[in-house]
1. Any idea how many residues of segment 19-43 are of a type in the set (Phe, Trp, Tyr) and touching a Leu at 6+ places or on another chain (Cβ under 9 Å)?
2. Which is over 10 Å from the mean Cα position of the chain (by Cα) and part of a strand (DSSP E or B), of Asn53, Asn73?
3. Given the structure, is Asn73 within 20 Å of Asn10 (Cα to Cα), crowded, with 18+ Cβ neighbours inside 10 Å and of a type outside the set (Ser, Thr, Tyr)?
4. For segment 51-67, name all the residues that are over 25 Å from Glu147 (Cα atoms), touching a helix residue (DSSP H, G or I) at 6+ places or on another chain (Cβ under 7 Å) and at pLDDT 95 or above.
5. Cβ-Cβ distance below 8 Å, separation of 6 or more or different chains: which pairs start in segment 124-147 with a residue that is touching a residue at least 24 places away in the same chain (Cβ under 8 Å) and among the basic types (Lys, Arg) and end on one that is surrounded by 12 or more Cβ atoms within 10 Å (Cβ to Cβ) and assigned to a loop (DSSP other than H, G, I, E, B)?
6. Right, Phe75: closer than 16 Å to Ala27 by Cα and modelled with pLDDT of 95 or more or not?
7. Could you grab the pairs with beta carbons closer than 8 Å, sequence gap of 6+ or different chains, first residue in segment 25-40 and aromatic (Phe, Trp, Tyr), second one outside any strand (DSSP E or B) and open to solvent by 60 Å² or more (accessible area, probe 1.4 Å)?
8. Considering only residues that are at pLDDT 95 or above and open to solvent by 80 Å² or more (accessible area, probe 1.4 Å), which ones fall in segment 16-38?
Amino acid sequence: FALDFEDICNILKRQIKNPDVKFIHDAPYTSCIVTIDKERISQLITNLVINANKFTEKGHIRVGYSYADKGLNIFCEDTGKGISKENKEKIFDRFFKGDEFAPGTGLGLSICQKIVNQNNGRITVESELGKGSTFRIWIPLEAKIIE
């Protein structure tokens, strides 16, 4: 997973075109061997970063992972627009768009939630309007770690 994560981040970094937004990735392990669908995990990370990129005009997008609580923890933090309290309840609904002017279909977060649910995990969001958002994913699995 550690090598795949680096590859995903190298691709995503090139998609951040705004010079006022810094892309940061936290990769704590030299090796992290897990048994999970690589394409689905890539899709989770990609959807979160693309979403963050749409709503972040200044500051940073930080993505990372760790192994704890017998599971893979993935996070994506941004300094973007944030999400209102009323929209936090709706963001995982299919076709929901918090901003009608933002590109996309409104499927990215609902796809993330479906993948996480299929893997018996959980996805949460912490957000404040004007201060950004942090999405956290936890998927239960066993891992072999080399730091």
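The values are calculated or read from the model by the stated rules, or taken from the named source; none is laboratory data. Predicted model, so just to flag it, every value in this text is computed and none were measured. Cβ placement follows ideal geometry from the backbone for every residue including glycine, while neighbour counts extend to all protein chains displayed. Protein only, heavy atoms only, side chains kept; ligands, DNA and RNA dropped before computing areas. Shrake-Rupley method; radii C 1.70, N 1.55, O 1.52, S 1.80 Å.
1. 1
2. Checking each option against the conditions leaves just Asn73.
3. Here the answer is no, as Asn73 does not meet what is asked.
4. Result: Asn53, single match.
5. Sorted first by the residue in segment 124-147, then by its partner, the pairs are Lys131/Thr79; Lys131/Gly82.
6. yes
7. Tyr29/Glu147
8. Lys17, Pro19, Asp20, Lys22
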